[in-house]
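A.B. asks: Below is the structure I would like to discuss, written out as C-alpha cells.
Read-outs throughout are calculated quantities, based only on the coordinates presented, and are distinct from any laboratory measurement. Owing to the predicted nature of the structure, the values given are computational and were not obtained by experimental measurement. A quick note on method: Cβ atoms are made from the backbone with ideal geometry, for glycine too, and the neighbour counts reach across all protein chains shown.
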Amino acid sequence: MKKKNTENISSYLHTYGMAAGYGGKIVVDGVGLYVNKGEILALIGPNGSGKSTVLRSITGQLELIKGVVFLDGRDMTGIGRHELARKVSLLMTDRIKTELMTCFDVVATARYPYTGSFGLLQDEDRRIVREALKRVNADELSDRDFNLISDGQKQRILLARCIAQEPELIVLDEPTSFLDIRYKIELLQILKDLARDKGTAVIMSMHEVDYARQVSDRVVCIGRKGIDRIGKPDEVLTPGYLCELFGIDREEYVKFFGEDPGFKAGTVNKALQIGYGTHEAGKQAEGGYVAKNGRLLRKGITTGTCAAAAAYGAMKKLLMNEDLERVSLITPSGERVEVDIKPYYGQKHAGDMVNIIQKNDRAGKDAEPVSFCVVKDSGDDPDVTNGAKIIASVGLVDITIKSDNFRNIFTDESHPGILLAGGEGVGRVTGEGLEQPVGYPAINKVPRRMIFEAVDSVRNEAGYEGGILVTVSVEGGEKLADKTFNPQLGIEGGISILGTSGILEPMSDKAIVDTIEVQIRQLAARGKKSLLVTPGLYGQNYVRNELGLSLDDAVKCSNFIGDTIDMAGTYGFEEMLLVGNLGKLIKLAAGIMNTHSRVADGRMDIMCTHLALCGGTSNMVKEMYKCINTDSALDKLKEWGLFDGVMDSILTAIREHTDRRAISALKVTVKVFSEKYGYLGEA
Amino acid sequence: MQENTGRKYRLIFTLMALMVLIFTVLNICIGSVGIPFKDAVLSLLGRKGDDMAVRIITDIRLPRAIAALLLGGALSVSGFLLQTFFRNPIAGPFILGISSGAKLTVALAMVASLSLGFTVGSLGMIAAAFVGSMVSMLFVLAVSGKVGRMSVLIICGVMIGYICSAITDFVITFADDSNIVNLHGWSLGSFSGTGWDHVRVMSATVIITVFTAFLLSKPMSAYQMGDVYAKNVGVNIRLLRVLLILVSSILSATVTAFAGPVSFVGVAVPHLVKSLFKTSKPLVLIPGCFLGGSLFCLMCDLIARTLFAPTELSISTVTAVFGAPVVIIMMLGRGKKAS
C-alpha cells in the first residue's frame, strides 16, 4: 500500500545571503548553500578560505553577520538551544582533552539534550550510545580512556558522539584530515550509510577532492572571494577548475602530473546566486526536463512557486525599491528555477484588509502597497492554470492592532509579523479534511512556507521589523476552478495554491492518485463507510441515469483502480461499489489494476481465454482475437449464444482479483455495463 | 558493568561518610583535655557529665569540628569548580590567589571595624571576603583572556597571593588592639574560635551553595568536552561560566571569612577523590569532593591541635604538608603522560 503523502522533500538546511566571520569582520560573504535530508554536501576550498567559518555559522556556534539560515523551514535564530541540539550535531577540528573519561562517557555526553536535569543515563540512552559505538566499529574501545587512544580512534569516537545525538543534520569540519586511507574510507562510508539509512543530512568540509567526488551528492567550492561554484561533484571538480580554485600554476601542474589539466575541459555551470535574487544568465541550469515515454518534456512550476517568487519581487520593491525582473529560487525539491516576474497594477488586497495597511510607516520611504505577478508556466503538460497570472500583493501593517479582519489569515511562528491572506481567485476551504481549517484560503502548507520564507528573507535583508500583509490572488481564478477538482474537494471561489515539490512533472500519476486520496480521506472523515467509485465520465453517466444514484459522494478513480481499492481499505471503508464499462473493467479479470492502455491492453486476450474456457472452438477464438473492441466482441458472443456463459466467467475472474486486492474488511462490488448492451452483471 | 560502578560508588561514599563521622568524634574526644567517648556522647545528648567536659565539647570542640567539616568540603568543591572552569586540575582558590584576595579584604574589614568601634557580623565578613575573591578572580580571568597558558595563570596567582599577604601583614602590623593576636592567627588560617552563631551562618551558606553546584553537574559534565561540543548539545556556556565563578567564589570566600586562607585543599582533595572514583563526572565528584574535603580538614585540624599541644599549628601548615606533595606528584604524573 502506498504510504499517505510522501515525505516533504524540501531542503533541510538552506541559507540566504549569509555572511560569516568573526567579531563583525566578514570572512565569507554571499553564502548560499542548501542540503536535503539524506544528502551529503562537501565544502571544498583552499586553506583559509573560510570553510570552518561557514560551518560554525550554519550551526549556531558563530553569530551570523548577515543573512538567514533556515533549518527545517525555520529561521535558525528562532530555534532554542535544546531543540537545536536535537537537530544538529558537530564534529569540529578542536582537539579535546578529557580527564578520566572513557570512550563510552565521551559518546554519552551527546545524550545531554535527552536526559533529565541531572543528566542520568537511562537504559535507552545506553543502548543508543552502544549502537553508535557499534556503527563506527568501536565497541571494543568503549571502556578505554579517551585520552589514551590514537587520533584515528578518537575521530571515530567523536563521530559516534555525533550519531548518539540522533541529529537530523551532521556537520563535520575536515573529519578525514590526519586519518590514514583505511580510516578515511571507513569514516566516509559510515557517513554515507547514515545518510542512506537514517536520512541524515551531512555537510562537511574536506581537502581530499577524490573522496569528495566519491562521497558527496553535491559540492560547494569556496574560493578566495566566497562561494564560487556549486553542483554535482563530477561536473564541478574538473582538474582545470581545481587549479583555478586552489591557485595552482598550470605549468606546475603539468610538470607534476605530466598532463594538462585541460582548462577548457568540462562544461561547468558557474554557480548562480543561490536563494532568491536576480540573475542574468539563461534558463534552468539542470534538470529542466523530464523524460516521459521516450520524449523529453519541459517541466513547469507550481502555483506555490509562482506565488513565492511574486511575493519576493513585491517585497523587494516595497522595502528596498528594487525592480526585479527575474527571481532565482530553490524549490523545496532542491531544484533551482528561474521565474520571470513583473509588476501588477491594481489593488489586489481583499477589500476588508485594505484599511489595516499603513502607508508611511517607514521614514522617508514610499510604502504604498505593491503587487507583482508571475505568469504560470505549466511546462509541456498544460493544465488549466497554465498561463494564469498568480499575483502577490504586499503592504505594511501594524501587527499590534487587534482587528477582526485578521480572521482566516495564516501566520507562522517562525516568521512573526507576516500575515498571509487569500485574495480573489484563490479558493476558500468549506469542508473538513483538507490541510487548512474551514474558512481559510486554499494555500497549502509547502507554498505557505515558501511564501513566508521569501517575504521574511527580504524583510531581514532590509532590516525591517514591522508587520507585512501578503495577499495571494489569481486572475480569473474563480472561472478556472470549475475545471479542477476543487468543487468536489469543498474548495470554493477559486483555485488552490499548491505544490509540494515546487516543480510540475508532466503527467504526474502521483498527483492524480493524491487527489483521489484527498477525496477518499474527506469521505472517511465524514464517517462514510461505503464508497461509490467510477473510472470516468461513462461510469458517472451510467450511475446517474441508469442506477439513479447520487453522484455527490462519488469518487472518480481514472485508471487507478488498484490504488483506489487500497486506499478505500486503508481509510476503513466497508463497501466499495465500482461501476464502469466493460472496455475498462475487463482488464481486472486478468488482474490488471491500472487500466491505462499505456500499462496493458489484453482485452481480447481475456475475451479469448474465457471464450475458450466456456467451450468456444479454435475458430471462434481466432475470430474473437481479431475484434477491435469489447462491444464487437459481445456481438460475436451473442451470435454464438455464448454471451451469458462468457460474461459469468469474466465476472467471476474479476471478483477473484478484486477480492484478493482488497484488504481488511473491505467488500468490493463491481457493476459492469456496456454502451450497447447495457447492464452486463455484477461481480 | 553499570551495576558494578554504581555499587562501587555507593561503597566509597559509605566509607567516606563513615570516616567523616569517626573523625568528627575523634576531634571531639581528643584534645589537651581528654574526654572519653562515652562521656562525649552523653554530654552531646545533654545528660549529666561534669560541667567542664560539657562546656568544652558543646562550646569549643563541636562547633570547631563542624567548621572543619563544612569549610573543608566547601573549599574542595570550590577547587573542583575552578578546575572545571579552567579545564585544568591544578586550578584552585589558593593557587590562583583568590583566597589571598579574600584574606586581604577580610583583614581590612576587621581592622577598620576594630579601630572605628563597630563590629562586622558573620555575613558581613563573608561579603567582604566575596568582594576580595571576586577582585582577584576578575584579575585572573583578565590574564587568562590574554594568555591561555596555565603556568602563567599560576604565577599570576602566586604573585597576587604575595601582594595581598604583604598588604595584610602591613595592615595588621599597624593595627593597635589586643585582638591583634587573634587576627594574626586567623591570617595564617585556623578553625579555632568558631562559635555557634558562626556555624549557623556558614552551614546555611555552604549547604545552599554546594547544592547549587550540585545542580550544575549536568552542564558541567558537558562543559568538560570543550566549548564547541558543550554548545552543540545545548549548554548555555556564558551562563554556566558566570555561575561557576560565582559559586566557587562564594564558597572560598566563606572559608576565608571564617578560617582564613587554607592552602592546597582545593587542588589536592579533588585530585585524590578523582583517583579514588576513577571518574570526572561532576555528579559523583561534587559530593565526593565535599566528603573528601571534610575528611581531609578534620584530619588536618586534629593534627594541628594535638601534635604540639598545647601549642596549635596553623591549619595551612598541616594541609600544605599533606597537600603539596599530592600536587607535586600530580604534576609529575601529568608531565609523564604528556611526554
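A.B. asks: At 0.36 nm per residue, and after removing the present C-alpha to C-alpha distance, how many nm does the segment from A:Asn545 to A:Val384 gain when stretched out fully? All intermediate terms of the calculation are to be shown ahead of the outcome.
C.D. replies: Working: separation 161, 0.36 × 161 = 57.96 nm, distance 2.86 nm.
Result: 55.1 nm gained on full extension.
A.B. asks: Just need the relative contact order of segment A:128-229 here, percent rounded to a whole number, with Cα pairs under 8 Å and 6+ apart. List each step's numbers first, then the result.
C.D. replies: Numbers: 87 pairs, mean separation 24.5, N = 102.
Here the relative contact order equals 24 percent.
A.B. asks: Give the average, rounded to an integer, of partner chain Cβ atoms located within 10 angstrom of each Cβ in A:92-103.
C.D. replies: Details: counts 5, 1, 5, 1, 7, 5, 5, 9, 10, 6, 2, 0.
Average neighbour count from other chains, rounded to a whole number: 5.
A.B. asks: Then there is this: Using Cα centres only, tell me the gap between segment B:198-251 and segment B:73-132 in whole Å.
C.D. replies: 18 Å
A.B. asks: Hey, another quick one. Can you give the Kirkwood hydrodynamic radius for the protein assembly as shown, in Å, rounded to one decimal and based on Cα pairs?
C.D. replies: Computed over the protein assembly as shown, the radius equals 35.1 Å.
A.B. asks: While we're looking at this one, here's another question. Net charge within 12 Å of B:Glu312 by Cβ-Cβ distance, Lys/Arg positive one each and Asp/Glu negative one each, not counting B:Glu312 itself?
C.D. replies: On the way: positive: B:Arg64, B:Arg305; negative: B:Asp301.
Local charge sum for B:Glu312: +1.
A.B. asks: I would also like to ask the following. Based on C-alpha coordinates, I'd like the Rg and Dmax of segment A:127-232, in Å.
C.D. replies: In order Rg, Dmax, the Cα atoms of segment A:127-232 give 14.6, 46 Å.
A.B. asks: According to a simple spin-label model (label point 7 Å from Cα along Cα-to-Cβ), what is the distance in nm between B:Val33 and A:Arg326?
C.D. replies: If labels sit at A:Arg326 and B:Val33, their model points lie 10.1 nm apart.
A.B. asks: Please work out the C-alpha center-to-center distance from segment B:254-316 to segment A:646-683 and express it in whole Å.
C.D. replies: 90 Å
A.B. asks: While we're here: Please list, or write none, the aspartates and glutamates whose alpha carbon is within less than 20 Å of the alpha carbon of B:Lys146, excluding same-chain residues fewer than 8 places away.
C.D. replies: Here the aspartates and glutamates satisfying the reach criterion relative to B:Lys146 are A:Asp94, B:Asp227.
A.B. asks: Here's another thing I want to ask about it. How far apart, in nanometres, would the label points at A:Glu639 and A:Arg81 be if each is projected 7 angstrom from Cα along the Cα-to-Cβ direction?
C.D. replies: Distance between the two pseudo-spin positions: 8.8 nm.
A.B. asks: While we're on this one: Taking the Cα atoms of segment B:111-252, report the difference between the largest and smallest coordinate on each principal axis, in whole Å and largest first.
C.D. replies: 58, 35, 23
A.B. asks: What distance in nm lies between label points placed 7 Å from Cα along the C-beta direction at A:Ser150 and A:Leu242?
C.D. replies: Each label point lies 7 Å from its Cα, and together they span 2.6 nm.
A.B. asks: Less than 15 Å Cβ to Cβ from B:Gly72, Lys/Arg counted +1 and Asp/Glu -1: what total charge do the surrounding residues give?
C.D. replies: On the way: positive: B:Arg64, B:Arg305; negative: B:Asp301.
My count for the surroundings of B:Gly72 gives +1.
A.B. asks: Here's another thing I want to ask about it. Which entries in the list A:Lys225/B:Lys231; A:Lys626/A:Lys671; A:Lys622/A:Lys667 go over 32 Å, if you measure between the two C-alpha atoms of each?
C.D. replies: Numbers: A:Lys225/B:Lys231 29 Å; A:Lys626/A:Lys671 26 Å; A:Lys622/A:Lys667 37 Å.
Pairs exceeding the cut-off: A:Lys622/A:Lys667.
A.B. asks: Set the Förster radius R0 to 56 Å, insert the Cβ-Cβ distance between B:Arg10 and B:Leu188 as r into 1/(1 + (r/R0)^6), and round the FRET efficiency to 0.05. It would help to have the intermediate numbers written out before the result.
C.D. replies: Working: r = 39 Å, r/R0 = 0.69.
That gives a FRET efficiency of 0.90.
A.B. asks: Continuing with this model, one more query. For a 26 Å ceiling on Cα separation, which of these pairs sit above it: A:Lys51/A:Lys184; A:Lys66/A:Lys445; A:Lys25/A:Lys87; A:Lys389/A:Lys584? List each step's numbers first, then the result.
C.D. replies: Values: A:Lys51/A:Lys184 19 Å; A:Lys66/A:Lys445 28 Å; A:Lys25/A:Lys87 28 Å; A:Lys389/A:Lys584 38 Å.
Over 26 Å Cα-Cα: A:Lys66/A:Lys445; A:Lys25/A:Lys87; A:Lys389/A:Lys584.
A.B. asks: In the protein assembly as shown, what % of DSSP beta bridges are antiparallel (nearest 5)? Kindly include the intermediate steps, with their values, before the conclusion.
C.D. replies: Values: 57 of 96 bridges.
Just about 60 percent of them are antiparallel.
A.B. asks: When A:Trp640, B:Trp186, B:Trp196 are ordered from fewest to most other Cβ atoms inside 10 Å of their Cβ, what list results?
C.D. replies: Details: A:Trp640 18, B:Trp186 24, B:Trp196 11.
Arranged by neighbour count, lowest to highest, A:Trp640, B:Trp186, B:Trp196 become B:Trp196, A:Trp640, B:Trp186.
A.B. asks: Related question: Please order A:Met624, A:Met320 by the number of other Cβ within 10 Å, starting at the fewest.
C.D. replies: Numbers: A:Met624 24, A:Met320 15.
In increasing order of surrounding Cβ atoms, one gets A:Met320, A:Met624.
A.B. asks: Also, I was wondering about something else. What list do you get for A:Val555, A:Val68 if you sort them by fewest beta carbons within 10 Å? Write out the running numbers ahead of the final one.
C.D. replies: Values: A:Val555 23, A:Val68 20.
So the ranking, lowest neighbour count to highest, is A:Val68, A:Val555.
A.B. asks: Can you give me the three principal axis dimensions of segment B:2-338 from its C-alpha atoms, in Å, biggest first?
C.D. replies: Principal-axis extents of the Cα atoms in segment B:2-338, largest first: 64, 55, 34 Å.
A.B. asks: Also, quick follow-up: Nearest 0.05, what FRET efficiency do A:Asn619 and A:Leu537 give at R0 = 35 Å with Cβ-Cβ as r? Mind showing how you got there, number by number?
C.D. replies: Numbers: r = 37 Å, r/R0 = 1.06.
The value I calculate is 0.40.
A.B. asks: Applying 1/(1 + (r/R0)^6) with R0 = 51 Å to the Cβ-Cβ distance of B:Met150 and A:Asp197, what FRET efficiency is obtained, to the nearest 0.05?
C.D. replies: Numbers: r = 44 Å, r/R0 = 0.86.
It comes to 0.70.
A.B. asks: For A:Glu675 and A:Glu63 in the same chain, what is the full-extension length gain: residue separation times 0.36 nm, less their Cα-Cα distance, in nm? Write down the numbers at each step before the final one.
C.D. replies: Values: separation 612, 0.36 × 612 = 220.32 nm, distance 7.14 nm.
Value of the extension gain: 213.2 nm.
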